Each structure stands twice: as structure tokens, then as C-alpha cells.
Amino acid sequence: MKRVLVGTGVILSSVGLMVGCATGSTTTAQTDLDALAERTLRESFLPGPGQYLSRLQQDEAQKLCTQYRGQPPKPVAESIEAKEKSHIAYPADGKLMGDWKEGAKVFNNGFAYRIGHFIPSNPKAVRGGNCYACHQGEAKEVAYGNLGPSLLHYGKVRGTGDAVVRYTYEKIYNAKAYNACSQMPRLGHHGILSPKQIADLTAYLLSPESPINQ
Ligand code: HEC
């Protein structure tokens with residue numbers, strides 16, 4: 001999927017240049033490009049089980065973020081955040097700080113929302129958060145992305161007060177609950193991670209014993 005997205009970007013930018021030079025009109029050109037992007041993405045999925053074409057349907061929050069190019073007016077942003085927050089589920093035992101050692105595994109596990117992972121014949125596939133794709137974590141790990149802020153010393157800086165614990169759990173569950181057009185995947189909201197896994201991640205980020213805070 002990633003490769004397809006990169007490919008589409010290349011196609012789009014070259015078509016964009018051509019259209020821009022030939023006509024000078026952007027509105028129709030943009031509509032054509034949007035349609036081309038949509039079609040290219042759609043056609044890159046194979047027919048059959050496990051292809052999850054439904055993932056291409058934007059939900060209400062995504063539609064608004066596209067409409068406002070990621071920067072909706074304040075009242076729109078606030079209504080998105082309130083709605084996203086209202087869907088957050090919590091662990092059955094109510095504990096938002098789980099086991100940091102388990103959280104370390106989830107943080108490190110790159111098997112997130114991969115096509116093929118949800119094929120019903122493979123119900124035991126354990127999913128992870130792929131957090132290193134976007135965040136710095138433990139000091140000893142040198143391979144990490146920087147789309148998101150560094151999480152090194154996350155708990156050391158913030159402490160473990162109730163408000164911090166709740167924010168951390170809810171942010172990982174649904175990043176849009178605090179930032180309407182966040183680029184961070186909504187890991188709990190989409191059922192990629194369970195409430196228990198998210199509580200374990202919360203402990204991994206916040207516990208004083210966690211390697212993140214050394
Ligand atoms: C695709 C990239 C991406 C992935 C994967 C990702 N994040 Fe993020 N994350 C972001 C971005 C971007 C931000 C900052 C914008 C925002 O707050 O929404 C962020 C913000 C956060 C914050 C808030 C930080 C603060 O100082 O308030 C936490 C906590 C966090 N991420 C934890 C995680 C954890 C844990 C995982 C793995 C389960 C994860 N993220 C996976 C992109 C990502």
C-alpha cells in the first residue's frame with residue numbers, strides 16, 4: 001500500500017505540472033487529479049478477501065479535514081474532537097496504566113494495519129502500534145521516524161498524574177480526540193489495538209521504570 005501511495009504521488013505531481021502549463025486553470029485540473037488519485041488507489045487493490053476497499057471511504061472527520069486542508073476553523077475542529085472523544089472505550093478493569101513490559105512489545109511491533117493481516121483464517125495475528133515509524137522512543141533505538149514528536153523521557157517530563165494518564169491513553173486510542181486533523185493513526189478507534197494494549201502502551205510511556213524514561 002505504501003508503495004502504491006508513493007507511486008500515486010509521482011504520477012500526480014507530473015500530471016499536475018502538465019495540466020498547469022497547458023491550461024492555467026486549477027479548479028477543473030484539481031478535480032481531474034482528485035478523480036485520478038481516487039481511481040488509481042481503488043485499482044491498486046486486488047479483488048477478493050482481505051483487501052479492505054472500505055478503508056478508502058473517508059469518515060466524517062476525514063472529509064472535513066480534506067475540505068479544510070487539515071486546518072478547519074476552530075468550531076469545526078472542536079466538534080470533530082468532541083465526537084471522536086465520545087467513542088473512546090476503556091479497559092474493562094478501568095486501569096489506564098497497564099504493564100509497561102507488554103507495552104514495549106506493542107510499541108516495537110511493526111505489524112499494524114497491514115492488508116492480509118485481517119484475513120479471517122488468521123485470527124491470531126497479533127497487531128502492534130508501529131510507533132517507531134513516526135516517533136523516537138528508547139534512547140538505544142536509533143532507527144525511528146520523525147513525523148511525530150520524540151517520546152523519549154515522555155513520563156519523566158510529565159509525571160504520572162491522573163490527567164496525564166488519561167490524556168496519554170485517550171491520545172493513543174484516538175489522536176483526533178485532541179487534534180482534529182492529526183496524522184497519527186486512530187489505533188483504538190479502528191480496532192488496530194485493544195484497550196488492554198493501549199493501557200500497556202500508556203504504562204510504557206509513563207512508568208518511571210520504563211526504558212523510555214531512562
Ligand atoms: C503515522 C505516524 C504516527 C504513528 C504510527 C504514531 N504516531 Fe503518535 N503522533 C504522531 C503525530 C504526527 C503526533 C503529533 C500530532 C498530534 O498530536 O496529533 C503524535 C502524537 C503522539 C502523542 C502525543 C505527544 C504529546 O506530547 O502530547 C503520543 C503520546 C503518541 N503520539 C503516541 C504514539 C504511540 C504510543 C504510537 C504507537 C502505538 C504512535 N504514537 C504512533 C504520529 C504518529
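Below are the figures for this structure:
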{"read-out": "Qualifying residue in segment 153-160 (condition: charged (D, E, K, R) and either near the ligand (Cβ under 9 Å from one of its atoms) or free of Cβ contacts under 8 Å to residues at least 60 places away in the same chain (or both))", "value": "yes"}
{"read-out": "Residue count, segment 199-214 (criterion: within 20 Å of Y144 (Cα to Cα) and either within 10 Å of the ligand (Cβ to nearest atom) or hydrophobic (A, V, I, L, M, F, W, C) (or both))", "value": "6"}
{"read-out": "Selection within segment 166-190 - of a type in the set (G, A, S), under 17 Å from L201 (Cα atoms) and in a helix (DSSP H, G or I)", "value": "A175"}
{"read-out": "From the options Y144, Y173, residue that is more than 7 Å from the ligand (Cβ to nearest atom) and closer than 28 Å to D59 by Cβ", "value": "Y173"}
{"read-out": "Options S150, S182; residue that is small (G, A, S), without any contact (Cβ under 8 Å) to a residue 12 or more places away in the chain, farther than 15 Å from V106 by Cα and near the ligand (Cβ under 10 Å from one of its atoms)", "value": "S182"}
{"read-out": "Failed criterion for L46 (all others in (1) at pLDDT 95 or above; (2) in a loop (DSSP other than H, G, I, E, B); (3) under 23 Å from G191 (Cβ atoms) hold)", "value": "(1)"}
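The values are calculated or read from the model by the stated rules, or taken from the named source; none is laboratory data. Everything numeric here is computed off the predicted structure, so don't read it as measured data. In this analysis, Cβ positions are derived from the backbone assuming ideal geometry, glycine residues included, and neighbour counts consider all displayed protein chains.
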